[in-house]
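The values are calculated or read from the model by the stated rules, or taken from the named source; none is laboratory data. Fair warning: this is a prediction, and the values are worked out from it, not measured in the lab. Virtual Cβ from ideal backbone geometry, glycine too; neighbours counted across all protein chains shown.
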Amino acid sequence: MNNSGEIAQIEDAEGYIASICFKTGPPLSVGVEIEQLVHDADHPHRPLSAAALTAVVGGHEPGDGGRVSLGPGGQVTLAAWPQAGLERLHETVHAEIERVDLLITRGGLRLAGLGIDPHRAPRRVLASRRQRAMAAAFARRSGDGRILMYSTAGLRPLLPAGPPGELAARWAAVHDLGPALLALFANSPVHAGRDTGWASTRMRAWQGLARAGARPTGPDPAAAWAEYALRVPLLYVRGPGASWSVPDGVTFADWIGGALPRRPTYDDLDEHLGTLYPPVRPRGHLEVRYLDAQPGGDWFAPVALLSALLGDPATVDAARALAEPVADRWVEAARYGLTDAGIAAAVAPLVDLALGALDRGGLPGSLLEEVSGAVQSRFRRAHML
């Protein structure tokens, strides 16, 4: 398709979105994007230098098809393309994290291992024209946008959509599991020197910036996602002028209907899809966005648990049943984490289900112990609060 072509009808946009956002097939691969905040090793309150950060990691190219990128707040993101199995993913990512951490340390910096900056107020470090346009749009809506862009870091498992007949259940499950796993791995209670009262201040900020209504689930996830994407207000529209701003509330569907001076193209639609940040985003795979960044090697536990709970239809059904009592408790999960007794009661059997599935699936004992140990430390920490 020539993506510079104009979109004439809503149906054309819906068909295009449905065709690119879910790639169904055998559920064999899993990937991850690991975003980390960066601090000066000796003076973590000191503003980060864009020049210093770029000099340290700007030219680094990871192996195995991954990439390293820098975010507007100076975040470093390692994206590892999906691998054939958790053991291979662990091996690939572990080696690459060690290389990135070595580069960071040699540059006098360190990775925070947290979901929000505990030391500094939001401050722009780097900015493309796209990021400037996003920041301006967020600023018109909420102060949370500045926090999200410059002060937060997330862990994003990349999970397969699965066979066509299993897509609806897997898509629903990855949402249903959200509050429980968000609570289990909440890791952002302090921002800019202040205890916020939230286990995941990062997710509190996301909730404060929500740009659409109910989550896009149902018997036809592709159609539901297309409808959702077209009704979310535009953040900006690219153009030759200095300003990319658009009137508040204009959606992509409105644009197709003539709300803006020119017609949208498929390139415009691709750009819009990249500005959607719901808890789960389909980009061929299922990109989970509700988890806080984790310290060091702790990234593996949430990725392994999610992968195991989506491992086969029977486990998906069992996981959804266990998660159902807390499936809509996003606010409580973000605020209280595992100190909420109801959420903790749902998390425990979900973890047991996942560990059993990982054991049956042949995950090596050392990696199984790593996952179990990370989870146990979370529960111990919650009981100490």
Do the conditions hold for Thr92, that is, is it of a type in the set (Ser, Thr, Tyr) and more than 21 Å from Pro282 (Cα to Cα)? yes
Would you point out the residue of the range 328-358, among those that are surrounded by fewer than 18 Cβ atoms within 10 Å (Cβ to Cβ) and of a type in the set (Gly, Ala, Ser), that is nearest to Pro160 (Cα to Cα)? Gly356
Per the list (1) of a type outside the set (Phe, Trp, Tyr); (2) in contact with a Leu (Cβ under 8 Å, 6 or more places away or on another chain); (3) at pLDDT 95 or above, residue check on Ala382 breaks on (3)
Within the range 163-216, restricting to residues that are over 16 Å from Ala323 (Cβ atoms) and among the β-branched types (Val, Ile, Thr), the one that is surrounded by the most Cβ atoms within 10 Å (Cβ to Cβ) is Thr201
Name every residue in the range 109-129 that is of a type outside the set (A, V, I, L, M), part of a loop (DSSP other than H, G, I, E, B) and in contact with a helix residue (DSSP H, G or I) (Cβ under 8 Å, 6 or more places away or on another chain), in order of residue number. Gly113, Gly115, Asp117, Arg120, Pro122, Arg123, Arg124
Search result, residues across the range 51-76 that are surrounded by fewer than 18 Cβ atoms within 10 Å (Cβ to Cβ), polar (S, T, N, Q) and not in a helix (DSSP H, G or I): Ser69
Across the range 130-189, which residue is farthest from Thr24 (Cα to Cα) among those that are in a helix (DSSP H, G or I) and among the polar types (S, T, N, Q)? Ser151
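Only one of Glu11, Glu6 is free of Cβ contacts under 8 Å to residues at least 40 places away in the same chain, more than 25 Å from the chain's Cα centre (by Cα) and within 29 Å of Arg238 (Cα to Cα). Can you tell me which?
Just one listed residue meets the conditions, Glu11.
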Give me the pairs, please: first residue somewhere in the range 131-153 and under 18 Å from Pro189 (Cβ atoms), second residue anywhere and charged (D, E, K, R) and not in a helix (DSSP H, G or I), beta-carbon distance under 8 Å, and either six or more positions apart or on two chains. Ser151/Asp117; Ser151/Arg120; Thr152/Asp117; Ala153/Glu35; Ala153/Asp292
Of the conditions (1) closer than 29 Å to Pro164 by Cα; (2) under 19 Å from the mean Cα position of the chain (by Cα), Leu235 clears all except one; give me its number. (1)
Assuming Glu35 fulfils every condition listed in (1) over 18 Å from the mean Cα position of the chain (by Cα); (2) among the acidic types (Asp, Glu); (3) assigned to a strand (DSSP E or B) apart from one, which condition is it? (1)
Selection from the range 364-385 of residues that are in a helix (DSSP H, G or I), touching a helix residue (DSSP H, G or I) at 6+ places or on another chain (Cβ under 7 Å) and of a type outside the set (Asp, Glu): Leu367, Leu368, Val371, Ser372, Ala374, Val375, Arg378, Phe379, Ala382
Inspect the range 229-246 for any residue being surrounded by 17 or more Cβ atoms within 10 Å (Cβ to Cβ), modelled with pLDDT under 90 and within 28 Å of Ala327 (Cα to Cα) and give the result as yes or no. no
Would you check if there is a residue in the range 33-50 being in contact (Cβ under 8 Å) with a residue 12 or more places away in the chain, closer than 30 Å to Val232 by Cβ, touching a helix residue (DSSP H, G or I) at 6+ places or on another chain (Cβ under 9 Å) and among the small types (Gly, Ala, Ser)? no
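Go through the residues of the range 21-31 one by one and say whether even a single one is assigned to a helix (DSSP H, G or I) and modelled with pLDDT of 90 or more. If you could, list the steps in order and put the result at the bottom.
Taking the range 21-31 as the starting set, the residues that turn out to be assigned to a helix (DSSP H, G or I) are 21.
Keeping just the survivors that are modelled with pLDDT of 90 or more gives 21.
Checking the range 21-31: at least one residue is assigned to a helix (DSSP H, G or I) and modelled with pLDDT of 90 or more.
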Identify, please: which residue in the range 114-132 is among the hydrophobic types (A, V, I, L, M, F, W, C) and surrounded by 21 or more Cβ atoms within 10 Å (Cβ to Cβ) and is, among those, farthest from Gly74 (Cα to Cα)? Leu114
Among the residues of the range 324-380, what is the count of those that are of a type outside the set (Asp, Glu) and closer than 28 Å to His94 by Cβ? 31
Return the residue satisfying two criteria in turn: it lies in the range 269-303 and is in contact with a His (Cβ under 8 Å, 6 or more places away or on another chain) and not β-branched (Val, Ile, Thr), and of such residues it is farthest from His90 (Cα to Cα). Pro279
